[in-house]
Amino acid sequence: MTAIDPSLRYRRREQGLMLLLASPAVIVIVALVVIPVGWLMTQSVYENGFTLEHYRRIFSEDIYWRSFGLTFRIALMVTVLTLVLGYPVAYAAAHVKRPWDVLILSFVILPFWTSVLVRAYAWLVLLQRTGVTNQMLERFGLISEPLALVHNELGTVIATVHILLPFMVLPLYSTMQKIPRELMLAGASLGGGPLHTFLRVFLPLSLPGVVAGLTLVFVLTLGFYITPELLGGGRTIMISMVVSRNVELYNQWGAASAVGVVLLVAVLAIFLAVGRIIPLDKMLGQK
Amino acid sequence: MPERRLTIRTACAAAGLSLALLSPLSAQAAEQIMFVSQGGAYQKAQTIAILDPSAKKLGITINQDSVPDAWPIMRSQVATGKPTWDVVDVATNFCLRGGEQGILEKLDFSKIPNAAAMPAEYRSDYSVAYEFYSSVMGYSLKKFPDAAAAPKTWADFWDVKKFPGRRSLRNHPLATLEAALMADGVPADKLYPLDVDRAFKKLEEIKPHITVWWTSGAQSAQLLNDGEVDMVMAWNGRISALTKEGAKVAYTYNQGILQSTSLCVLKGAPNLPTAIKFLNEAVDPVHQANLPLHIDYGPANPKAYDTGVIPAARVGELPSAPANAKVQALMSYAWWTSAAGEAAEKRWLSFAQK
């Protein structure tokens, strides 16, 4: 019997241990993600035998096109708005002294811990015709007729932006916090004004956080359901609602599955495309 | 309402356990069913009026679950081959469709004498009507304070010149197509088979004036109460609940669409014989007469009106009371589960979106 290199044996044992440690998570993922998604995909091409009928329907009927179009448009609007609103917040949180950063972050995180349903209803109270916003505007004489702020696409966008803002601020903050202050000082010492150093030094270094936030928010908006259901007035039909209607109203699980698969593929495509520009680990703020 | 369910289950379990320990009749006490309804005030009312008295009389345990949309779950429960639900209280069209799709037990009405005595159109091979509600026109009394000048018909609802204001309809074709046709002049007893093209054409007319297409009953009531809309098609119980709270709203049964939920039993239900016993008890005239004492929905068993349990003044407020039923249209669930009905349902989403 030849002696095995002890370092190799050690490495093997370590690998075995790692596998063992990872196994609960792997089992959970297989049971809760891989199997259901596999089932979803099977169902989308099966109805008394193999069929592409569901996909043909999706690509030929205009309600699906319109819902996909609307969903992507809302996702785009929400993403841009959260970035515009979130960037200054994250910047402030990363630059102020304690305890102000904690205060800012808790303002971001507290609503994050409140139920989406509660926040959606809160927006309803704020934005409806007889709501706080309209009453204030009327009292100050800024408007004579209540504005249609809710039960439409606008209401959906406002509430979604609010709900998803933490998903933009947090990755931005984690990236910005790691940017060494000395770099800014160095930029300033070389004669760059504040704006110039920001644009040439800080902004490029914060980009991984920006991309991470954009991706998270965009992808999460694509799957939004409760918010458009409550604040969309029944006209803002996002793709998740098409899925639910197919099941509830039409009892067509195949069609619902096919829509789900198309959405999943779209999301994966986005992740891959983004991953080519910025590696995933960098995007999630690990490096 | 998971907390409530938990307490019911715990209470039942505790009761069962103590009975098992104390009583030699433990085998009988173990008889139980899982009953599923839609939750909220409605399920609370039927628990007091029907479920608890039935459980007591039959000596069984009725476990409860509540789901707003039971239909997809009914199908998947039966598809697994091991359903956990026995009796489901669901809109009648789902019972008819479930019967067609083979996911419900065919009922032997010789074992359900109470149902056998009800009018034939109130039951199918797979279901028994359980309670009646109505899709009525509700309106704000702030906007239309004068009873004489208030909207009274669906034609008035559609008449945006004579009755200016914001409106809301349900984001669902059932009852909405019926209302559109009545607005277009079709008499209530000549609605079926529905002229679907005509109904959608009429709906296009009102569409620009619909502020919200509501999706839940609670939402419809809130819209009216908050002044978000001035006129709404809603279930009678939702609007009458508002009036009881003192809200300035009213409704009319005139041209209401009378609808029902029915009880049906899932195919392969774990406690089938007990479920059938319960079905008979649930439509017992006295239990049925108890229901409107707790909520504004009407009994499905017409004999309930002969029991003397419902005060005369109360009868007048109920959707299924003979005088009110006369001015309404009775929804044909048979039509809605036909091919034409299902095709009409499928048109809805594209209509709502455009």
- For chain B, averaging the sequence separation of alpha carbon pairs under 8 Å that lie six or more residues apart and dividing by its residue count, the contact order in percent is 25 percent
- Task: Name the helices (complete DSSP H segments) of chain A with a Cα length along the long axis of 30 Å or more and a Kyte-Doolittle mean of at least 1.6, or state none.
- Result: A:253-277
- Mean separation of Cα contacts under 8 Å, 6 or more apart, over the residue count of chain A: relative contact order %: 27 percent
- Antiparallel %, DSSP beta bridges [both residues in the protein assembly as shown], to 5: 65 percent
- Message: Residues of the stretch B:325-352 that become at least 20 Å² less accessible with every protein chain present than in their own chain isolated, using 1.4 Å: which are they?
- Response: B:GLU345, B:LYS346, B:LEU349, B:SER350, B:ALA352
- Task: Take the solvent-accessible surface of the protein heavy atoms, probe 1.4 Å, and return the percent of it on the stretch A:176-287 that carbon and sulfur atoms account for.
- Result: 72 percent
- Query: Taking every residue in A:229-238, how many Cβ atoms of other protein chains lie within 10 Å of its Cβ, on average?
  - Reply: 5
- Query: Where does the charge balance sit around B:LEU263 when Lys and Arg score +1, Asp and Glu -1, over other residues with C-beta under 11 Å from its C-beta?
  - Reply: -3
- Can you tell which of A:VAL34, A:VAL150, A:VAL217 shows the greatest fluctuation in a Gaussian network model of chain A with Cα springs below 10 Å? A:VAL34
- Task: At 7 Å along the Cα-to-beta-carbon direction for both A:LEU183 and A:ALA92, put a label point, then send me their distance in nm to one decimal.
- Result: 2.4 nm
- Note on the structure: For B:LYS143, the aspartates and glutamates lying under 20 Å Cα to Cα, once residues fewer than eight places off in the same chain are dropped, come out as A:GLU138, A:GLU145, B:ASP156, B:ASP159, B:ASP226, B:GLU228, B:ASP230, B:GLU245
- Query: Which net charge results for the neighbourhood of B:VAL88, defined as the other residues with beta-carbon distances under 14 angstrom from its beta-carbon, given Lys and Arg at +1 and Asp and Glu at -1?
  - Reply: -3
- Item | Shielding by partners, peptide B:201-214 (average Cβ within 10 angstrom, other chains) | 2
- Item | Residues of the stretch A:104-130 buried by at least 30 Å² on assembly (accessible area, 1.4 Å probe, chain alone as reference) | A:GLN128, A:ARG129, A:THR130
- Note on the structure: For B:ARG347, the accessible surface traced by a 1.4 Å probe with all protein chains present amounts, in square angstrom to the nearest 10, to 100 Å²
- Message: Cut-off under 19 Å on the C-alpha distance; same-chain residues fewer than 8 positions from B:LYS354 excluded. Which aspartates and glutamates are left, in chain and number order?
- Response: A:GLU61, A:ASP62, A:GLU153, A:GLU229, B:ASP197, B:GLU204, B:GLU205, B:GLU345
- Within 10 Å of each Cβ of B:168-176, how many other protein chain Cβ atoms are there on average? 2
- Task: Taking 50 Å² as the minimum loss, tell me which residues in the stretch A:242-266 lose that much accessible area going from the chain by itself to the full protein complex (1.4 Å probe).
- Result: A:ARG245, A:GLU248, A:LEU249, A:TYR250, A:ASN251, A:TRP253
- Under a 1.4 Å probe, what is the accessible area of the stretch A:81-145 per residue, stated in Å²? 65 Å²
- Message: Sort A:HIS196, B:HIS287, B:HIS209 by heavy-atom solvent-accessible area, probe 1.4 angstrom, most to least.
- Response: A:HIS196, B:HIS209, B:HIS287
- Query: At the nearest 100 Å², what buried accessible area, both sides summed, do you get for B and A when the probe is 1.4 Å?
  - Reply: 2600 Å²
- Task: Report, in debye and to the nearest 20, how large the dipole of chain A comes out about its Cα centre when Lys and Arg carry +1 and Asp and Glu carry -1 on their Cβ.
- Result: 820 debye
- Item | Entries in B:LYS106/B:LYS190; B:LYS44/B:LYS326; B:LYS201/B:LYS346; B:LYS44/B:LYS142 that, when Cα-Cα distance is taken, lie over 23 Å | B:LYS106/B:LYS190; B:LYS44/B:LYS326; B:LYS44/B:LYS142
- Task: Kindly state, to the nearest 0.05, the FRET efficiency for A:LEU52 paired with A:VAL125, given R0 = 45 Å and r defined as their beta-carbon distance.
- Result: 0.45
- Which FRET efficiency, nearest 0.05, do A:ASP62 and B:VAL67 yield, Cβ-Cβ r, R0 30 Å? 0.40
- Roughly how many percent of the accessible protein surface of the stretch A:15-142 is carbon and sulfur, given a 1.4 Å probe and a whole-percent answer? 77 percent
- Message: What does the net charge come to around B:LEU349 if you take all other residues with beta carbon closer than 12 Å to its beta carbon, with K and R at +1 and D and E at -1?
- Response: +2
- Message: Per residue, how much accessible surface does chain B expose to a 1.4 Å probe? Answer in Å², no decimals.
- Response: 41 Å²
- chain B: antiparallel DSSP beta bridges as a percent of all, rounded to 5: 65 percent
- Residue span A:SER106 to A:VAL132: 0.36 nm per residue of separation minus Cα-Cα distance leaves a gain in nm of 6.9 nm
- Note on the structure: In chain B the accessible area split gives carbon plus sulfur, as whole percent at 1.4 Å, a share of 58 percent
- Note on the structure: Binned at 5 Å starting from 0, the alpha-carbon pair-distance distribution of chain A in whole percents comes out as 1, 5, 9, 11, 12, 13, 12, 11, 9, 7, 5, 3, 2, 1, 0, 0, 0, 0, 0
- Which lysines have a Cα lying under 27 Å from the Cα of B:LYS111, excluding residues fewer than 8 positions away in the same chain? B:LYS56, B:LYS57, B:LYS82, B:LYS267, B:LYS277, B:LYS303
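The values are calculated or read from the model by the stated rules, or taken from the named source; none is laboratory data. Note that the coordinates shown come from a computational prediction; the quantities given were computed from them, not determined experimentally. A quick note on method: Cβ atoms are made from the backbone with ideal geometry, for glycine too, and the neighbour counts reach across all protein chains shown. Ligands, DNA and RNA are excluded from the accessible area calculation, which covers all protein heavy atoms including side chains. Shrake-Rupley method; radii C 1.70, N 1.55, O 1.52, S 1.80 Å.
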